[in-house]
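Below is one structure, written out as C-alpha cells; the observations come after it.
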Amino acid sequence: MLKDWNFWCSVITALTAILALVLSVRQISLSNKHQLFDRRMEAYMLTNGLIALCKDNYMWLSPKREQMPQFANDYVFIWLTNNTYMEKQADAIEYPLEQPFHKEFLQKREEIRITAAEIDLIFKGEAALAYSNFLRNYEAALAVMYEYQIIIDKMQKENEKHPMTVEEAEKMFSEEKYRENLYNALDNLKKAYDAVAEEKVEKQIKKQLKLV
C-alpha cells in the first residue's frame, strides 16, 4: 500500500513538474510574441510618421535642378522634420555644428539607422526592405541637407566679411558639388517614398503587425 502511495506521489509530482514546464514555455512564448509585437508597432509608427512628412511635403522631394544655390534648404529641412519625433532637429539646421544641437542631430540619425536595421530583422519580405530603405534614404537626405546648410552658412558669413557675388561665393566653397549631392539625396528619398507609398506594401506590413 505504501509502495503504491509512493508511486502515485512520484507520478503526480512528475506530472505537476511537466505541467509547470509546459505553462512556463507557453508563457515565455506569449511574452516573446508580445515583445515582438511591441517592437514591430514602435518601428511601424516611427516610420509611418516620417512617411507622412514626405507625403505632406512631396513637392520638395523633386525640386527643379536649378543652377543656383538653394537658400531655402533650411526651410525644406524643417518641413521634413516637422513632427513630434523630429521637431527638435530644426535647431540643428538653424545652428549647424553648434552644440548641443549637432550632437542631438547625430543621435537622432543613429536612432533612425538602428530602426532601419531592426525592421530588416523583425519584418519580412519586400515590404520590410521598402520600409528600411525608406528610413536609410530619409536619414541620408537629412545628412546631406545639413552638410549643404553648412556650406550656405559659410557663403553668407564670408559675404558679410568680404562682399562678393553669388558666383564668387559658389566657387570659393565648391557649392555646386554640394548642391548636386542635395538634389541626388532628395531624388533618392522620393524614390524610396514612392516605394513605401504603394498600398500593397502597407498591407503587408500591417498583416505582420497582428499578434499571433
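The values are calculated or read from the model by the stated rules, or taken from the named source; none is laboratory data. Computed from a prediction, not measured in an experiment: that's the story for all the values here. All Cβ positions, even for glycine, are placed from backbone atoms using ideal geometry, and neighbour counts span all protein chains on display.
What the table below lists for this structure:
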quantity	calculated
Selection from the range 170-185 of residues that are of a type in the set (A, V, I, L, M, F, W, C), buried (at least 20 other Cβ atoms within 10 Å of the Cβ) and more than 21 Å from E110 (Cβ to Cβ)	L182
Every pair of residues 6+ apart whose Cβ atoms lie under 6 Å, when the first sits in the range 71-84 and is without any contact (Cβ under 8 Å) to a residue 40 or more places away in the chain while the second is part of a loop (DSSP other than H, G, I, E, B)	W79/N57
Test set (1) farther than 17 Å from E111 by Cβ; (2) surrounded by 15 or more Cβ atoms within 10 Å (Cβ to Cβ) - A140 fails condition number	(1)
Matching option when the condition is exposed (fewer than 12 other Cβ atoms within 10 Å of the Cβ) and within 16 Å of L186 (Cα to Cα), among E66, E87	E66
Number of the exception - H102 against (1) without any contact (Cβ under 8 Å) to a residue 60 or more places away in the chain; (2) touching an Asp or Glu at 6+ places or on another chain (Cβ under 8 Å)	(2)
Residue, nearest to the chain's Cα centre (by Cα), within the range 90-99, restricted to residues that are free of Cβ contacts under 8 Å to residues at least 24 places away in the same chain and surrounded by 12 or more Cβ atoms within 10 Å (Cβ to Cβ)	A90
Test: residue in the range 37-56 that is closer than 30 Å to E176 by Cα and over 13 Å from the mean Cα position of the chain (by Cα)	yes
Among the residues listed as E167, E147, the single one being under 17 Å from P69 (Cα atoms), modelled with pLDDT of 95 or more and not polar (S, T, N, Q)	E147
